[in-house]
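The numbers here are math on the coordinates, done by the rules we state, and not lab data. It should be emphasised that the depicted structure is a prediction, and the values quoted were computed from it without experimental measurement. Cβ placement follows ideal geometry from the backbone for every residue including glycine, while neighbour counts extend to all protein chains displayed.
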Amino acid sequence: MDVLYFAWVRERIGLPREKLNTSAQTVSDLVDELVAREDRYAVAFADRSALRVALDQELSDFDARLDGVREVAFFPPMTGG
Amino acid sequence: MRVSVQEAPFDPGQEVNTFAKGRKDVGAVVSFTGVVRDTGDEALHAMEIEHYPGMTEAALTDIAKEAQARWSLADTLVIHRYGRLEPGEMIMMVATAARHRKDAFEAAEFLMDYLKSRAPFWKREVTEKGASWVAARDEDEDALSRW
């Protein structure tokens, strides 16, 4: 699975994307796995309410299941316009 | 309908002319252009815009389709830039063409409200004191509830 990070999430984690092998069932499970891995993830995901997630390039939420998902992206609330 | 996500500058006048040219079925063309504004106490050197290639185009297309479904529109144009922009540069524009102005105005506002908080762009302000990510504003999220 490809995991992408944007804006300050990318800066805190220190990379724009990575490939992960995970058995996580949901987005929250995946975040728990990442947070347990290294401090930089714990820092980036400290406040999940400040983050948004997209699954295969569609906005989703942290309760969503990851079955069949190929690309997960984490980012702060969007500031277009 | 045209959606363009681009690094290159655009000319809003030329875009509106091309968009409106030769149409005999519309009575109203509305356009909005967003400009990099120098605000706050620290001088803004630049605005850096990051985006999510692939999702950005898809999200803008979905928003434009939603506008076409809700209002009676003959055509819709959305242009949004990314990369490093200086104060005074045009960031983005939307244009709508309709038989009547109410549809054109409302759809243009809808497009603006949605692309502010539903299209994957992130702004970073670079000032003389350093760079910082622009925080999303609650008002922008609240603005969606009126639609």
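Each Cα pair under 8 Å and six or more residues apart adds its sequence gap; the mean of these over the residue count of chain A is a relative contact order of 39 percent. Per residue of peptide B:130-140, the mean number of Cβ atoms on other chains within 10 Å of the residue Cβ is 3.
Among B:S132, B:S72, B:S31, the residue with the largest mean-square fluctuation in a Gaussian network model of chain B, with springs joining Cα atoms closer than 10 Å, is B:S132. For the protein assembly as shown, the calculated P(r) over all alpha carbon pairs, in 10 Å bins from 0 to the bin holding the longest distance, is 8, 30, 32, 21, 9, 2, 0 percent. The order of A:V3, B:V94, going from fewest to most other C-beta atoms within 10 Å of their C-beta, is A:V3, B:V94. Spacing of the modelled spin labels on B:L44 and B:V134, each 7 Å from Cα toward Cβ, amounts to 0.6 nm. Of the trypsin sites (Lys or Arg not before Pro) found in region A:30-73, those that fall in a DSSP loop while having at most 15 other beta-carbon atoms within 10 Å are A:R70. Residue by residue, region B:94-100 carries 3J(HN,Hα) couplings of 10, 9, 10, 10, 8, 5, 10 Hz when phi is fed to the Karplus relation 6.51 cos²θ - 1.76 cosθ + 1.60 (θ = phi - 60°); x denotes Gly or Pro.
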